[in-house]
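Laboratory data are not the source of any read-out in this text; all were calculated from the coordinates shown. None of the values given here were measured: they were computed from a predicted structure. Note that each Cβ is placed from the backbone with ideal geometry, even for glycine, and that neighbours are counted across all protein chains shown.
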Amino acid sequence: MTKKICILTLLAASSMSFSQVAVGSDASPSANAMFSVVNKEDNAAKSKGMIIPTVNDETELPLYNASQPDHFNDDPSMQGMILYRKDIKRVVVYDGEKWKPTFYESGGRTTRASMNPVMAESDFPSVACILIGCGEKDVPFGFYNNIQDTDKLGIINPQGIVNSNFNNFTFKESGFYKVLISLKVKTSGIHVSPPTISFRALKNGNVLARNDVALNEAILITAGANRVGTMEFLSIFDKGDQLKVQVSGGVSILTVADVYKIVPTDGTFISIEKL
């Protein structure tokens, strides 16, 4: 008798392991759904939802490892796992390498900053490339355009000395942000390969995003290769994180002498939006 009960239990468990589960309804779920939660009510007083597991911050997420560049170990077997992070108020999804937040547009909360339009040209952020080496310079932003500049996030907070220990923005809220950087670049010098300038966004002193912008396709340019280059990226910033923008020249063995200057015009600005 005991053997028969065990066999029946195993058969039932086997059948359940391949069945579909519906919660809140006797109707069969979609043929493509393994698990379905149904809200049968049509009013706020009786509607029911589902609460997924929560964590307070990224340090509580599975596979967190502060020694990794992205703070997480890799585990492809966990792809698709979801949790809710309370600090950034977002559902996060694990992609096999890192946790990525889902996001939605909340609108309206943006910081836009520009360069000082009366800055002397001798003070423009500029980098020089001589044969095999290029420098790097900070691009300081502030509230200079009364019509377009705004700081609804309250993060414009220049600290330190430009080109030394400078930081331009200090985030007051943890969350997901969209950053757009636009720079008007002026070049001078002699180069026999297309000149390139590198835009870099540094978070807490480490390169967060980079974009190499080709300034001109002509060969043997001696001066005046001007254009506006842009870089846009999405990133999580925690409360207290700091951000600044740098420029650096692209290295080429065909470069004789290049000087890149960031010009404070309407085309030079940074926009930071909280999503």
Can you order the peptides 157-166, 43-52 by their average number of other Cβ atoms within 10 Å per residue, highest first? 157-166, 43-52
Within straight cross-link reach of Lys89, meaning Cα distance under 17 Å, which aspartates and glutamates are found once same-chain residues fewer than 8 apart are removed? Asp57, Glu58, Glu60, Glu105, Glu173, Asp238, Glu273
P(r) of the stretch 136-180 in 10 Å steps, Cα pairs, percent per bin? 23, 49, 28, 0
To the nearest 0.05, the calculated FRET efficiency linking Asn65 and Ala120 through their beta-carbon distance, R0 being 35 Å, is 0.15
Two-site FRET efficiency, Ser30 against Asn165, from Cβ-Cβ distance with R₀ of 51 Å, rounded to 0.05: 0.35
For the stretch 22-99, which semi-axes, largest first and in whole Å, follow from the square roots of 5 times the eigenvalues of its Cα gyration tensor? 32, 17, 7
Two pseudo-spin positions, 7 Å from Cα along C-beta at Leu180 and at Ile52, lie apart in nanometres by 2.9 nm
Could you work out how far apart the two model spin labels at Asn43 and Thr110 are, taking each label as a point 7 Å from the Cα in the direction of the beta carbon, and quote it in nm? 4.2 nm
Too-long pairs where the Cα-Cα distance tops 25 Å, listed order kept, from Lys46/Lys274; Lys184/Lys239; Lys184/Lys244; Lys100/Lys261; Lys203/Lys274; Lys98/Lys274: Lys46/Lys274; Lys184/Lys239; Lys100/Lys261
